[in-house]
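Inspection log for the structure reproduced underneath, given as structure tokens.
The values are calculated or read from the model by the stated rules, or taken from the named source; none is laboratory data. Please read these numbers as outputs of a predicted model, since none were measured by experiment. With ideal geometry, Cβ positions are generated from the backbone for all residues, glycine too; neighbour counts draw on all protein chains shown. Note: areas computed on protein heavy atoms with side chains; ligands, DNA, RNA excluded. Shrake-Rupley method; radii C 1.70, N 1.55, O 1.52, S 1.80 Å.
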Amino acid sequence: MNQRRSRRPAPRPPEGTPAPAELARMARSGLAAAARVARWADRALGPGRDSATDDGKATLSDATAERAARDLGLTAAQVRADWDTARLAGLVEVHGDTARPGWRLRAWDRDDSAVLRGWVALFDAWSLAHPEPADHEPAAVAEVVSAMPQALSFLQLSAGPVPVEQLLDLLEQRVTELRTARCEIPYGPQPEPQAEPEPTDAPLAPLLDWALRALASVGALTYGDGQATLTPLGNWAVWVKLEQICVAAQSPAGNIEQAAEDMLRGCAQLRPNAARAEYRAWLAARPVGSAVTELLGAARGEDALLLVLAYEALRVVGAPAEPDVRGVLDEPTLRPYALLWLAEHDGADPEDAHEVLTRAEATWLWVDTAAAVADHGEAPLLVRHLESAVQPTVPMLLDEVRAVGHPRTVQVLVALAAAHPDPALAKAVRRAAFQVHTGGS
């Protein structure tokens, strides 16, 4: 597919936005405490040394928190808060009960772009950085999280302090729009209307207060005296995301408003760099948590190509996607992709990441990829795909393909037999497809 090069000039940030080096200095300053705890963890924790956690969920164990507090001259509560910030910013990563430094920590003092990406990762995860109110329905919290990008855009366009009352009006309007968009009109006979129930919607003011405090805690805005103002970092980050949305709107695919499955289909024919730009813009337009959930939902569908592309999009998400990706390791269809994603996230070279897979997992992945090629590619691509199998011979490949029990095995083998120019090999593949189909050996 030919793509036109965009003639849109490189956008310039709003007048008064600090230079990238100054923004990175601000980010380093705001994340200094988190970087300090991450460096302590790099020295004190890891394989062969003390464990970081005791629940397998990246919660710092009491003993480790107390030890860090003694070493760093902090309270255990401060250590835990800085630890959580370091995790959200990708400065430290926890796998099981082992902590290791994130790649951003290695580049922290020399790479401004790594620092800014770390801060943006924290900004994207603002709703996790500050405990949400315990006495509110999760649905109401989710609505406020979904509505806050519009409030942040308003703050950015206002270029100054905005009264909280004005933000509350905007939030209420946006939440009403979200609820209206979800409303479904049922078909068929309806029961007699009942007496109008009392409104049960909780007021949004406490949730707006929580959201503003959470955004202030990550350094995106200042909040006090009944008003909120974006910080230079927050102003820059919102501008970047708005620009991504604008680029997506002008892109060949224009997937910004599509559901994840349709977005991925729209990106299927794009070159890798163009597809990644689409993923970034699509992600910028929605909360990271719901975006990851939607991508994993698309990956669970029947289209193997969407599964592959969904994990490509999750690579663009980065650290905030790790808990959800780790959470699907028990799903056979997603496990090989999740293992590769986690290996690359841990710093493994993409060329070597396949080493984390068992032979059966690698074979399952081979069938999955072959199914995507068979559905969306050309016959020569499927023939060349044979070379990527871990098995040294075609008979061994066929034996192991039959053993893993992939649901698309028959279709893949039939397509491969039809595409392969070697009559003898094609016959062997057809025989294997027939045996799988009939349950024979």
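Structure values in brief
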quantity	calculated
Estimated translational D of segment 271-342 in µm²/s (Stokes, Kirkwood radius over Cα pairs; 4 °C; 1.567 mPa s)	107
Relative packing of 324-337, 295-308, which averages over residues the other C-beta atoms within 10 Å, highest first	295-308, 324-337
Relative packing of peptides 395-401, 218-224, 155-161 - highest average C-beta neighbours within 10 Å first	218-224, 395-401, 155-161
Amide proton proximity set for GLN227, modelled H, under 5 Å, gap of 5+	VAL164
Shape call, segment 93-162: gyration tensor on alpha carbons, a/c limit 1.5	oblate
Rounded to whole Hz, the Karplus (6.51, -1.76, 1.60) HN-Hα couplings of segment 349-358, x for glycine and proline	5, x, 5, 9, 4, 4, 5, 6, 8, 6
At q = 0.14, 0.23, 0.27 Å⁻¹, base-10 log of I(q)/I(0) for segment 357-418 (Debye sum, equal scatterers on each alpha carbon)	-0.32, -0.91, -1.27
Neighbour cut-off at most 13 other Cβ (10 Å), DSSP loop, trypsin sites (Lys or Arg not before Pro), segment 100-168	ARG110
Mean separation of Cα contacts under 8 Å, 6 or more apart, over the residue count of segment 223-347: relative contact order %	19
Cβ crowding within 10 Å averaged over residues, with 20-27, 136-143, 205-212, 282-289 ranked highest first	282-289, 205-212, 20-27, 136-143
Å² per residue, accessible surface of segment 360-437 at 1.4 Å	50
Phi-based couplings in Hz for segment 136-147 (Karplus 6.51, -1.76, 1.60; Gly and Pro marked x)	10, 4, x, 5, 5, 4, 4, 5, 5, 4, 5, 8
Segment 310-381: relative contact order as a whole-number percent, Cα under 8 Å and 6+ apart	24
Expected-Rg normalisation [2.2 N^0.38 Å, Cα atoms] applied to segment 134-183	1.21
Span from the segment 393-441 Cα centroid across to the segment 322-351 one, whole angstrom	28
